[in-house]
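S.K.: Take this structure first; my questions come after.
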Amino acid sequence: MTVEPFPQWLRPPPGGFVAEDLDRLPDLPPHTELIDGSLVFVSPQAKFHMQVINLLAFTLHPLAPAHLRIRREMTVTLGRDQRPEPDIIAVHADRDGGPELTTYQADDVVLAVEVVSAESRTRDRERKPQLYARAGITHYWRVENVDGRPVVYVYELDPATKAYALTGIHHERLRLSVPFEIDIDLAEIDRM
């Protein structure tokens with residue numbers, strides 16, 4: 001087996017990579033994120049991960065009010081060296097941008113959803129919620145795989161502490177009134 005030479009573009013510049021680098025660097029793998037100035041490459045997607053993203057995207061789209069849009073796997077620029085890619089976001093329709101848009105800004109986003117994978121567990125449970133909360137994204141959901149079934153942990157931003165507070169854990173059905181009226185049968189994952 002031959003080892004390819006280390007591409008020079010992968011070497012971080014002094015101070016780390018910045019959000020705009022994701023649009024400039026050549027040959028980046030799909031779904032590359034920027035967390036704390038470092039590039040994060042994702043592992044191949046597991047079937048559960050894909051099924052949950054599809055379930056949520058397909059069911060949230062018709063439920064979303066006219067002033068919101070549901071998007072999947074788009075980056076959100078949270079700061080100079082922070083550009084994560086939530087699995088699903090709800091964004092303000094009037095800030096949805098044109099077809100060439102490559103990233104949303106934090107104040108465009110109402111909801112960020114992360115489906116936890118084995119390789120992203122710490123980022124999805126700890127680092128990303130910290131970043132989303134500091135950026136002022138009001139709603140955050142973390143979806144865990146519990147025996148092949150999705151369990152959705154729902155958080156809302158506490159404006160006094162600027163941190164997320166857990167508002168519910170949903171096993172069979174996800175019923176919420178914020179950020180809009182939502183009723184999703186989580187067992188529908190079996191049909192995805």
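S.K.: Which whole-Hz ³J(HN,Hα) couplings does region 132-142 yield from phi under the Karplus relation 6.51 cos²θ - 1.76 cosθ + 1.60, θ = phi - 60°, glycine and proline marked x?
M.R.: 5, 5, 4, 7, x, 6, 5, 10, 9, 10, 10
S.K.: Here's something else I'd like to know. Would you grab the residues whose amide H sits under 5 Å from the one on Ile35? Only those 5+ places off in sequence or on another chain, please, with H modelled 1.01 Å from N.
M.R.: The list, which skips near neighbours in sequence, is Val40, Arg83.
S.K.: Let me ask another. For the chain, what is the calculated [θ] at 222 nm in deg cm²/dmol (nearest 500), taking -39500 (n - 2.57) for each run of four or more DSSP H residues and dividing by its residue count? Show your work: numbers first, answer last.
M.R.: On the way: 3 runs with 28 residues, N = 192.
Computed mean residue ellipticity for the chain: -4000 deg cm²/dmol.
S.K.: While we're here: Can you tell me, using C-alpha contacts under 8 Å and at least 6 residues apart, the relative contact order of region 7-63 as a whole percent?
M.R.: Values: 28 pairs, mean separation 13.8, N = 57.
Reported as a whole number, the value is 24 percent.
S.K.: Pulled fully out, how much extra length does the chain show between Met50 and Val146, if you take 0.36 nm times their separation in residues and subtract their Cα-Cα distance? Can you show the working numbers first?
M.R.: On the way: separation 96, 0.36 × 96 = 34.56 nm, distance 1.53 nm.
Difference between extended and current length: 33.0 nm.
S.K.: Ordered by residue, what ³J(HN,Hα) values in Hz, to whole numbers, does region 47-56 give under the Karplus form 6.51 cos²θ - 1.76 cosθ + 1.60, where θ = phi - 60° and Gly and Pro are x?
M.R.: Those phi angles translate into 4, 4, 4, 5, 5, 5, 4, 4, 4, 5 Hz.
S.K.: What accessible area per residue comes out for the chain, rounded to a whole number of Å², with a 1.4 Å probe? Walk me through the intermediate numbers first.
M.R.: On the way: 10280 Å² over 192 residues.
Heavy-atom SASA per residue in the chain reads 54 Å².
S.K.: For region 73-192, what is the relative contact order in percent, using Cα pairs closer than 8 Å and at least 6 residues apart in sequence? The partial results should precede the final answer.
M.R.: Values: 211 pairs, mean separation 20.0, N = 120.
Reported relative contact order: 17 percent.
S.K.: Please get the size of the charge dipole for region 17-62, origin at its Cα centre, with Cβ charges of +1 on Lys and Arg and -1 on Asp and Glu, quoted in debye to the nearest 20. Please list the in-between numbers first.
M.R.: On the way: 2 positive and 6 negative charges, 68 e Å.
It works out to roughly 320 debye.
S.K.: Taking region 1-51 as the region of interest, what is the percent of Cα-Cα pairs per 5 angstrom bin, listed from the shortest bin to the one with the maximum distance?
M.R.: Calculated over all Cα pairs of region 1-51, the distribution is 4, 16, 25, 20, 15, 11, 8, 1 percent.
S.K.: If you take the square roots of the eigenvalues of the alpha-carbon gyration tensor of region 10-103 and sort them as a ≥ b ≥ c, do you get rounded (a/c under 1.5), prolate (a/b over b/c) or oblate? Could you put the intermediate results ahead of the total?
M.R.: On the way: a/c = 2.64, a/b = 1.53, b/c = 1.72.
Note, shape of region 10-103 comes out oblate.
S.K.: Just want the answer: with Cβ charges of +1 for Lys and Arg and -1 for Asp and Glu, which residue in Ile137, His67, Leu22 is farthest toward the dipole's positive end in the chain?
M.R.: Positive-most Cα among the choices belongs to Ile137.
The values are calculated or read from the model by the stated rules, or taken from the named source; none is laboratory data. Keep in mind the model is a prediction, meaning the values are calculated, not measured. Cβ atoms come from the backbone with ideal geometry, glycine included; neighbour counts cover every protein chain shown. The protein model used for the area step is the full one, side chains on, heavy atoms only, and it has no ligands, DNA or RNA in it. Shrake-Rupley method; radii C 1.70, N 1.55, O 1.52, S 1.80 Å.
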